[in-house]
Amino acid sequence: MSHNTIAENQKRLPLDHLESVWLFGYGSLIYKADFPYLQRRPARIHGWQRRFWQGSHDHRGTPEKPGRVATLIEAPQASCVGMAYEVTPDVFTHLDHREKNGYLRFFTTFEWLDHQADQQVEGLVYVAGPDNEAFLGAANEADIAAHIARSEGPSGPNPDYLLNLAEALRQLDADDPHVFAIETELLRILKR
Ligand code: SIN
């Protein structure tokens, strides 16, 4: 059984005193917004890179056969494009449940990708760090693609997570060699 982060997130960052909160999504939160939001805007964060290094026990795999999903890894020279959502604090009850398999929320700074690119905002991001029990760590992109190709969980096939994310990143004009290399390998394995 993997560590469940719901209680830890609710204890460390109470949000109820805020009218609204920005959330930065970089994985499934980009393309699957199954929660109400006030507005959403493409954004970038600095000092982090997206990597398929997190195991998924509850969405794209099972505890016995975890899938592979995205987390953020600290990298001082890197940046990561995603989608930011302005939400009311109550929405984090749902989000904490959705992200419970190892993700902790942190405040960080985003910059906008659209016309007000000079403006910055503080908001939350869910990160599954190397010390969480579901963390799988680094592997080459071909091995990650093979792992994803054979994985499936309650939220559906693991390939859908990767392919939906790659498509969403193209729509954002985001360059992400790691994700696109896994996509190329995965499509070769799936012969699509
Ligand atoms: C995120 O999308 O920001 C977190 C990881 C995920 O839910 O896929």
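Being polar (S, T, N, Q) and either within 14 Å of the ligand (Cβ to nearest atom) or crowded, with 20+ Cβ neighbours inside 10 Å (or both) is the filter here, so list the residues in the stretch 1-33 that pass it.
Going through the stretch 1-33, the residues polar (S, T, N, Q) turn out to be 2, 4-5, 9-10, 20, 28.
If the condition is that a residue be polar (S, T, N, Q) and either within 14 Å of the ligand (Cβ to nearest atom) or crowded, with 20+ Cβ neighbours inside 10 Å (or both), then T5, N9, S28 are the ones that fit.
Among the residues of the stretch 129-158, those that are open to solvent by 70 Å² or more (accessible area, probe 1.4 Å) and either farther than 23 Å from G47 by Cβ or not in a loop (DSSP other than H, G, I, E, B) (or both) comprise E133, N140, D143, R150, E152, P154. Restrict the check to the stretch 167-174 and report whether at least one residue is within 17 Å of the chain's Cα centre (by Cα), open to solvent by 80 Å² or more (accessible area, probe 1.4 Å), polar (S, T, N, Q) and within 16 Å of the ligand (Cβ to nearest atom). Yes, the stretch 167-174 has at least one match. Of all residues in the stretch 55-100, those being open to solvent by 50 Å² or more (accessible area, probe 1.4 Å), part of a loop (DSSP other than H, G, I, E, B) and more than 15 Å from the ligand (Cβ to nearest atom) number 4. Residues being over 18 Å from the mean Cα position of the chain (by Cα), β-branched (V, I, T) and either open to solvent by less than 40 Å² (accessible area, probe 1.4 Å) or within 12 Å of the ligand (Cβ to nearest atom) (or both) are represented in the stretch 113-128 by at least one member. Among residues of the stretch 9-20 that are closer than 14 Å to V91 by Cβ, those with a beta-carbon under 6 Å from a residue that is of a type in the set (S, T, Y) and surrounded by 11 or more Cβ atoms within 10 Å (Cβ to Cβ) at least six positions away or on a different chain give the pairs S20/T88.
The values are calculated or read from the model by the stated rules, or taken from the named source; none is laboratory data. Since the model is a prediction, treat every value here as computed from it, not as a measurement. In this analysis, Cβ positions are derived from the backbone assuming ideal geometry, glycine residues included, and neighbour counts consider all displayed protein chains. Heads up: the accessible areas ignore ligands, DNA and RNA and are worked out on the full protein's heavy atoms, side chains in. Shrake-Rupley method; radii C 1.70, N 1.55, O 1.52, S 1.80 Å.
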